[in-house]
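Asker: Structure provided below as structure tokens; questions to follow.
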Amino acid sequence: MPKSQRLEDYALIGDCETAALVGLDGSIDWLCWPRFDAPACFAALLGETGNGRWRIAPDEGGVCTTRSYLVDSLILETRFETSAGVVTLTDFMPPRGEACNLVRRVVGERGAVALRMELIVRFGYGATLPWVSRLDDDAVRFVAGPDMAVLRTAVAVRGEDMKTVADFTVKAGEIADFVLSHGPSWLAPPPAIDAARALTDTRAFWADWIAAGAAKGRCPPLARRSLITLKALTYAPTGGVVAAPTTSLPEKLGGVRNWDYRYCWVRDASLTLRALMSAGHFD
């Protein structure tokens, strides 16, 4: 994984069909699209940044970073405090609709913060360089084999050294949205979504789910947080529970015992189901 990251520095977001890992530095270093068991399009977790990642962060050094999930949700907020101001980066994946979407929203809290966006799409676990083109609505499309990803944002982006980048400034009260969508390459591009509406819908989805069980009001916040994490590891079309969203991470650094935990292992899934049912979640 990137030398600046430790495994414990990653936070999980997902849509109950796949999941992404977000680092403390604002970099998404792992995402298998469109399913848990699909090849990764961001694989910096297993290699280097050139194997695929999506980073949004302040352009200057000396940044103070804090983060947390919105209460009873899988919506991640990362707060960057710099000498010039403060911005909050909100990362989430809305419940699956016509396509799989990954939304990143930058909100200015104080001052004016210069940021840099760097998107490196590499399908096939970092092995495949996609064909990049502009669509009529100025979206950027990435295509390789059966996979397509489309980036939509009002921020001006450009190609640079086989990457898609942007340098922009967010002032207090301003919002910059980035939406990356996945779809089959032989079909029309996935439709655009409204980021603000998607945020509202995603928050409602998780709030409704946790309220449907017995945990709301009875279990402490950390227990509800654990239940939401377990729910995020379920594959909605079948109910199968993956042991983890990652693959090929050794049990011991430098060791050879590497496992693909994106399988639904009988033992692991049984323990997960027991925990969910104990909290009143049977469906």
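Bear in mind these aren't lab numbers, they're just calculated from the coordinates by the rules spelled out. Since this is a predicted model, take the numbers as computed values, not measurements. Please note: Cβ atoms are built from the backbone with ideal geometry, for glycine as well, and neighbour counts cover all protein chains shown.
Asker: Select from the stretch 82-136 those GluC sites (Glu not before Pro) which occupy a DSSP coil region and have at most 11 other Cβ atoms within 10 Å, ordered by residue number. Each step should come with its number before you reach the end.
Answerer: Working: sites: Glu98, Glu109, Glu118; in loops: Glu98.
Those satisfying the criteria are Glu98.
Asker: Quote the FRET efficiency, to the nearest 0.05, computed for Asp208 versus Ser270 with a Förster distance R0 of 30 Å and r equal to the Cβ-Cβ distance. The partial results should precede the final answer.
Answerer: Numbers: r = 26 Å, r/R0 = 0.87.
The formula returns an efficiency of 0.70 here.
Asker: Right, something else. Skipping prolines and chain starts, which residues have an amide H placed within reach, meaning under 5 Å, of the one on Ala19, given they are 5 or more residues away or on another chain?
Answerer: Cys32
Asker: Determine the principal axes of the Cα atoms in the stretch 116-273, then give the extent along each, sorted from largest to smallest and rounded to whole angstroms.
Answerer: Rounded to whole Å, the extents work out to 48, 45, 33 Å.
Asker: May I ask for the angle, rounded to the nearest 10°, between helix 221-232 and the longest principal axis of the chain, with both axes built from Cα atoms and the value confined to 0 to 90°?
Answerer: Its long axis makes an angle of about 80 degrees.
Asker: Follow-up. How many angstrom lie between the C-alpha centres of the stretch 1-58 and the stretch 109-176?
Answerer: If you average the Cα positions of each part, the centres end up 15 Å apart.
Asker: Show which aspartates and glutamates lie in cross-link reach of Lys171 when reach means a straight Cα distance below 12 angstrom and same-chain residues fewer than eight apart are skipped.
Answerer: Partners found: Glu109.
Asker: Under 5 Å between amide hydrogens, which residues at least 5 positions from Ala44 or on another chain qualify, with H placed 1.01 Å from N in the peptide plane?
Answerer: Residues meeting the amide H criterion: Gly52.
Asker: Still on this structure, please answer the following. Under the Karplus relation 6.51 cos²θ - 1.76 cosθ + 1.60, θ = phi - 60°, what is the ordered set of whole-Hz ³J(HN,Hα) values for the stretch 116-123, x standing for Gly and Pro?
Answerer: Values per residue, Gly and Pro as x: 10, 10, 10, 10, 10, 8, 9, 6 Hz.
Asker: Between Lys171, Lys252, Lys231, find the one with the highest GNM mean-square fluctuation for the chain; connect C-alpha pairs within less than 10 Å.
Answerer: Lys252
Asker: What angle do you read, to the nearest 10 degrees and between 0 and 90, between the alpha-carbon axis of helix 195-212 and the longest principal axis of the chain?
Answerer: With rounding to tens, the tilt is 10 degrees.
Asker: For the charge dipole of the chain, defined by +1 on Lys and Arg C-beta atoms and -1 on Asp and Glu C-beta atoms about the Cα centroid, which residue among Leu115, Ala139, Asn51 has the Cα displaced farthest towards the positive pole?
Answerer: Of Leu115, Ala139, Asn51, it is Asn51.
Asker: Taking H as built 1.01 Å from N, whose amide H comes closer than 5 Å to the amide H of Gly280, not counting residues under 5 places away?
Answerer: Sorted by chain and number, the residues that satisfy this are Ala214.
Asker: Let me ask something else. Tell me the label-point distance for the pair Asp37, Lys171, using the 7 Å Cα-to-Cβ offset, in nm and rounded to one decimal.
Answerer: With each label point 7 Å from Cα toward Cβ, the separation is 5.2 nm.
Asker: Mind pulling the angle between the C-alpha long axis of helix 266-278 and the longest principal axis of the chain? Nearest 10 degrees, somewhere in 0 to 90.
Answerer: 80
Asker: Moving on. Mind listing P(r) for the stretch 215-264? All alpha-carbon pairs, 5 Å bins, whole percents.
Answerer: For the stretch 215-264, the pair-distance distribution reads 5, 19, 18, 16, 16, 14, 8, 4, 1.
Asker: With contacts defined as alpha carbon pairs under 8 Å and 6 or more residues apart, what's the relative contact order of the stretch 89-213 in percent?
Answerer: For the stretch 89-213, the relative contact order is 32 percent.
Asker: On to the next question. Are there any chymotrypsin sites (Phe, Trp or Tyr not before Pro) in the stretch 170-243 that are in a DSSP loop and have at most 11 other Cβ atoms within 10 Å? List them by number.
Answerer: Trp186
Asker: In addition: Could you go through the stretch 83-92 in sequence order and give the Karplus-derived ³J(HN,Hα) for each residue, using 6.51 cos²θ - 1.76 cosθ + 1.60 with θ = phi - 60°, rounded to whole Hz, and x for Gly and Pro?
Answerer: 3J(HN,Hα) across the stretch 83-92, in whole Hz: 5, 9, x, 9, 10, 10, 9, 10, 10, 6.
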